[in-house]
Amino acid sequence: MASKAKIGILGASGYTGSELVRLLLRHPNVDLALLTADRRAGQAMRDVFPQFAPYELPQLVSIDSVDWAGAKLDLVFGALPHATTQKVVTDLLAKAPKTKVVDLSADFRLSDPEAYKYWYGHDHASLDLQREAVYGVSEFYREEVRKARLVANPGCYTTCAQLPLIPLLKAKAIAPDEIVIDAKSGMTGAGRSAKEAMLFSEVSEGFHAYGVGQHRHMAELDQEFSKAAGRKVLVSFTPHLLPMNRGILSTIYVRGEGGKSPEDLHAILVKSYANEPFVHVLPFGETPQTRHVRGSNMTMIGVAKDRVPGRAIIISALDNLVKGASGQAVQNMNLMLGFPETAGIDQVALFP
């Protein structure tokens, strides 16, 4: 695109919405033209997030006040709570069919309506758009994303698990029925709305599992792992909450298939991601930490040998607000609008 793209962010007052603003402020190819936040409508972005005080940004408005046809937006990011996006996106695309959408909620991630109903407890309100949506792990669906009008940005836990495991499942290098994913996330993964269980005194100095045996991200894992393996795959996945702001660390246990050693699995991942700008495979035996990726769009993957013959331990780390959400959304936007894929998201991790 010759001129700068006009971009809107729905739900700009949440963590993923504000992270989109942070990233896009320095993007060379876009102008932020619309920011919505229903509860904060009428306020300036600086009133909600003081770090944006030096920058000229649109005033926050309510979604109901937006004239989608008149706004002439090239792309809209949906950073709204689950189950609220379906109606909004349906209305948006009916009135402005040339506008593209990257949705960061779970509303369009599952391709099977019955799976959606099972995991989310109600029928999908926009089945045509559910069928149209492209699941947006950029590294696996790059060409589909380029052509898409609606991209379903993946979950943060699922991105952290899929990047190390999908190449191995496609190569039939691991046993599909023996995958165990033990994942930990920072507090921002729970969103910004006030919750008693998220108070500092409730989570500080503690560490706990949640959604045990029933976390909704299992549906995404089932869907994508089954595609990669060419057969039904159900993995064991348990998420945990850590008293830190950002980051996901997944410790994954697998068994090599067909005599594949941990070194063989490492070699497959090195080859798979040799030319990927946002996935880095560490030398064999080294493992990443969440602090190594904080604030960046990078995923780091390490492979180590288990003491049990034939088994390997894979550890992956990403920033849940960047590669796990807003950074990957910008990566998808870059593909959809024909920009360099790394534009606006090539920051080095913040340390310490």
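The values are calculated or read from the model by the stated rules, or taken from the named source; none is laboratory data. It should be emphasised that the depicted structure is a prediction, and the values quoted were computed from it without experimental measurement. Positions of Cβ are generated from backbone atoms using ideal geometry, with glycine treated the same way; all protein chains shown enter the neighbour counts. Note: accessible area is taken over every heavy atom of the protein model, side chains too, but ligands, DNA and RNA are not part of it. Shrake-Rupley method; radii C 1.70, N 1.55, O 1.52, S 1.80 Å.
Assorted remarks:
- Condition broken by Thr287, with the remaining ones in (1) buried (at least 18 other Cβ atoms within 10 Å of the Cβ); (2) in contact with a helix residue (DSSP H, G or I) (Cβ under 9 Å, 6 or more places away or on another chain); (3) part of a loop (DSSP other than H, G, I, E, B) satisfied: (2)
Conditions (1) closer than 18 Å to Lys170 by Cβ; (2) outside any loop (DSSP other than H, G, I, E, B); (3) not aliphatic (A, V, I, L, M), marked per residue:
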position: Gly258; (1), (2), (3): yes, no, yes
position: Ile268; (1), (2), (3): yes, yes, no
position: Val303; (1), (2), (3): yes, yes, no
position: Ser326; (1), (2), (3): no, yes, yes
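- Subset of segment 296-320 [within 30 Å of Gly344 (Cα to Cα) and either surrounded by fewer than 20 Cβ atoms within 10 Å (Cβ to Cβ) or over 18 Å from the mean Cα position of the chain (by Cα) (or both)]: Gly302, Val303, Ile314
- Taken over segment 1-13, residues that are touching a residue at least 24 places away in the same chain (Cβ under 8 Å), outside any strand (DSSP E or B) and surrounded by fewer than 21 Cβ atoms within 10 Å (Cβ to Cβ) amount to 2.
- Odd one out for Gln130 among (1) touching a Gly at 6+ places or on another chain (Cβ under 9 Å); (2) assigned to a helix (DSSP H, G or I): (1)
- Segment 72-88, residues that are part of a strand (DSSP E or B) and either modelled with pLDDT under 95 or farther than 20 Å from Asn332 by Cα (or both): none
- For the residues Leu104, Leu57, Leu32, the requirement of being open to solvent by 20 Å² or more (accessible area, probe 1.4 Å), modelled with pLDDT of 95 or more and over 22 Å from the mean Cα position of the chain (by Cα) singles out Leu57.
- Yes/no for Ser111 being out of contact with any Ser or Thr (no Cβ under 9 Å at 6 or more places or on another chain), buried (at least 21 other Cβ atoms within 10 Å of the Cβ), in a loop (DSSP other than H, G, I, E, B) and touching a residue at least 40 places away in the same chain (Cβ under 8 Å): no
- Tally, over segment 326-349, of residues that are open to solvent by less than 10 Å² (accessible area, probe 1.4 Å), of a type in the set (Gly, Ala, Ser) and in contact with a Ser or Thr (Cβ under 6 Å, 6 or more places away or on another chain): 1
- Single match in Pro81, Pro50 (criterion: open to solvent by 80 Å² or more (accessible area, probe 1.4 Å), within 23 Å of the chain's Cα centre (by Cα) and not charged (D, E, K, R)): Pro81
- Looking only at segment 134-158, and only at residues there that are part of a loop (DSSP other than H, G, I, E, B) and over 15 Å from the mean Cα position of the chain (by Cα), the one that is surrounded by the fewest Cβ atoms within 10 Å (Cβ to Cβ): Arg149
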